[in-house]
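Heads up: the structure comes next, in structure tokens.
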Amino acid sequence: RVAEMVTVGLITVEDLQIYQYAANLRAGLPEVRVEEVMTRTVTTVGSDTPVVEAVEKLIDKDYTALPVVDAEYHVVGIISDTDLLERGDMEVSLSLKKAADPHLVETLLARLRQSTRTVAEVMTPEPVTIGPQASLREAAHVMSKHKLKRLPVVGPDKRLLGVVGRLDILTALAAVYLPQEAPPRAAHPHSAHPRTVADVMETPAPTVSPTTPLTEVLTLLATTRVKRVVVVDAERRVVGVISDSDVITRMNPETHPGILEQLM
């Protein structure tokens, strides 16, 4: 096609070393501001909060990080699963704690209560934040760039106003382009003595084929608990996996031409 366009001139083919590439999400998400979809009721901790209290606040949540605020509700840091594992005397990740037997969880928390560490010693200071007037495109770009799942939303004075996450973005996209009822969520199988993967796996697993329209994939991601879709071929062999972060990262039409038209 390039040859047909250049009737007079020179076309060269040469090796190229990429030093850096940064995508800009300039289109693809609805014209919605962060403040319209963010979660306004946010669980927070203070910098002097014992680490065990932060863990207890996260143990029954579907997220693994908390904003750290001062007395005036200014965001001074964030404490995440990674921070807790690296500096907070945590023995296992929060996801494992949430899935574990309640007795085991209490045992792990009891050990953690022996620690004298506070949130200030463990948190990541000066976290990445976003303003309430920012667009969902900007929020998606920031999450993709910094590999984050959630962003504290702050005003000009750095006071916490809410939190926006990847699921909020996907839900907003689905609400605009896919107004339909969510399919029922799959229930966890129960086994008295689990010994194999089959005893504990999520069933039925949400699956699609390589030719499934992206609209169906988006619906599954926005409405299933696991936030993963398995791609299988005609013989039900697994050929790939799509996660919510995959969709957000690939929302850029420059790198993935046609994806926005397919979703819309």
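The values are calculated or read from the model by the stated rules, or taken from the named source; none is laboratory data. Everything numeric here is computed off the predicted structure, so don't read it as measured data. Reconstructed Cβ throughout: ideal geometry from the backbone, glycine too, with neighbour counts over all protein chains shown. We work out accessible area using only protein heavy atoms, side chains counted, and drop any ligands, DNA or RNA first. Shrake-Rupley method; radii C 1.70, N 1.55, O 1.52, S 1.80 Å.
So the values come out like this:
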quantity: Whichever residue in segment 161-209 is hydrophobic (A, V, I, L, M, F, W, C) and in a loop (DSSP other than H, G, I, E, B) and, among such residues, is modelled with the highest pLDDT; calculated: ALA205
quantity: When residues of segment 199-209 are limited to those that are touching a residue at least 12 places away in the same chain (Cβ under 8 Å) and hydrophobic (A, V, I, L, M, F, W, C), the one surrounded by the most Cβ atoms within 10 Å (Cβ to Cβ); calculated: VAL208
quantity: Flag for LYS158 being at pLDDT below 90 and surrounded by fewer than 20 Cβ atoms within 10 Å (Cβ to Cβ); calculated: no
quantity: Residues of segment 68-101 satisfying the condition of being more than 27 Å from LEU161 (Cα to Cα) and modelled with pLDDT of 70 or more; calculated: LEU85, GLU86, ARG87, ASP89, MET90
quantity: Neighbours by Cβ (under 9 Å, 6+ apart or cross-chain): first from segment 66-85, farther than 17 Å from SER115 by Cα; second in a strand (DSSP E or B) and polar (S, T, N, Q); calculated: LEU66/SER80; VAL68/THR124; GLY77/THR124; ILE78/THR124; SER80/THR124; THR82/THR124
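Table: residues versus (1) part of a loop (DSSP other than H, G, I, E, B); (2) at pLDDT 85 or above; (3) open to solvent by less than 40 Å² (accessible area, probe 1.4 Å); (4) more than 19 Å from SER135 (Cβ to Cβ).
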site	(1), (2), (3), (4)
THR211	yes, yes, no, yes
THR219	no, no, yes, yes
ARG225	yes, no, no, yes
VAL229	no, yes, yes, yes
ARG236	yes, yes, no, yes
GLY240	no, yes, yes, yes
ASN252	yes, no, yes, no
GLU261	no, no, no, yes
